[in-house]
Amino acid sequence: LAKTTQPISMDSYEGQEVNITCSHNNIATNDYITWYQQFPSQGPRFIIQGYKTKVTNEVASLFIPADRKSSTLSLPRVSLSDTAVYYCLVGDRANDYKLSFGAGTTVTVRA
Amino acid sequence: GAVVSQHPSWVICKSGTSVKIECRSLDFQATTMFWYRQFPKQSLMLMATSNEGSKATYEQGVEKDKFLINHASLTLSTLTVTSAHPEDSSFYICSARTGLAGASSYNEQFFGPGTRLTVL
């Protein structure tokens, strides 16, 4: 099971770009990288998923270098409502893609 | 699309009673659903994997006789906490997988809003 490592917390201000880097040194060839957002007392919400290079959607971008041993979630121009816990997960094909949640990164956006 | 609901959203019960939590995929069929538990200030812990029409697979350390899981249809899975005790108080979250094996979306999971269980 590929383990992920990400910072415990990050602080930012409204309007800034937030970049959260996740390490997954043991990622397997067929594994995908997925990021979720969770607000208190809510279920996680899917943000973005990627395999390699760059993926962008309406809320975030995901940068994955060629070796795929890390990935960076980029949140452009954050607002107070982006304060949440962000989880980086690697899909474990060998384990039928069960998700193993780490501690996540608590992002706090201040005015 | 890909909406998952849970019912109830919160429940308070007395110690020794059983509580059933429902997880439904509203706009898709889910061959696999997952049940997680989350204690305050902690991350999600996978409890079990539920496949439609077969017995659930429990993670190590999770008592299968205490946490009964039934996945009778492609849109409904239930978790029953039997003889609940205060230490079972937690936030229970389900997720459902949308894609078919072999598809690029197979590993996408969509989560329900969670059920807060408080055992007195």
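Observations, loosely collected:
- The sole residue among B:THR17, B:THR78, B:THR98, B:THR115 that is more than 14 Å from every other protein chain (Cβ to nearest Cβ) and either among the acidic types (Asp, Glu) or surrounded by 15 or more Cβ atoms within 10 Å (Cβ to Cβ) (or both) is B:THR78.
- When B:LYS66 is tested against (1) among the basic types (Lys, Arg); (2) modelled with pLDDT under 95; (3) over 21 Å from B:THR32 (Cβ atoms), exactly one condition is not met: (2).
- Where a residue in region B:82-98 is farther than 20 Å from A:SER41 by Cβ and its partner, wherever it lies, is at pLDDT 95 or above and small (Gly, Ala, Ser), with Cβ under 6 Å and at least six apart: B:THR82/B:SER18; B:SER83/B:GLY16; B:HIS85/B:SER15
- A:THR106 part of a loop (DSSP other than H, G, I, E, B) and either under 24 Å from B:MET47 (Cα atoms) or out of contact with any Lys or Arg (no Cβ under 8 Å at 6 or more places or on another chain) (or both): no
- Strands (runs of 3 or more DSSP E) contained entirely in region B:1-52, each with at least 2 residues that are among the β-branched types (Val, Ile, Thr) and under 15 Å from the mean Cα position of the chain (by Cα): B:19-25
- Test: residue in region A:33-50 that is more than 11 Å from chain B (Cβ to nearest Cβ) and assigned to a loop (DSSP other than H, G, I, E, B): no
- Flag for A:VAL78 being under 25 Å from A:TYR13 (Cβ atoms), part of a strand (DSSP E or B), more than 14 Å from chain B (Cβ to nearest Cβ) and not charged (D, E, K, R): no
- Within region B:20-41, being exposed (fewer than 13 other Cβ atoms within 10 Å of the Cβ) and either within 13 Å of chain A (Cβ to nearest Cβ) or more than 17 Å from B:SER95 (Cα to Cα) (or both) holds for B:PHE39, B:PRO40, B:LYS41.
- Of the set (1) over 24 Å from A:PHE39 (Cβ atoms); (2) touching a Cys at 6+ places or on another chain (Cβ under 6 Å), all apply to B:PRO86 but (2).
- Across region B:81-90, the number of residues qualifying as in contact with a Phe, Trp or Tyr (Cβ under 8 Å, 6 or more places away or on another chain) and open to solvent by less than 10 Å² (accessible area, probe 1.4 Å) comes to 2.
- Unmet criterion (only one of (1) on the phi < 0 side of the Ramachandran plot; (2) under 11 Å from the mean Cα position of the chain (by Cα)) for B:LYS55: (2)
The values are calculated or read from the model by the stated rules, or taken from the named source; none is laboratory data. Quick caveat, the model's predicted, so the values are computed rather than measured. Reconstructed Cβ throughout: ideal geometry from the backbone, glycine too, with neighbour counts over all protein chains shown. When the accessible area is computed, the model is the full protein with side chains, heavy atoms only, and any ligands, DNA or RNA have been set aside. Shrake-Rupley method; radii C 1.70, N 1.55, O 1.52, S 1.80 Å.
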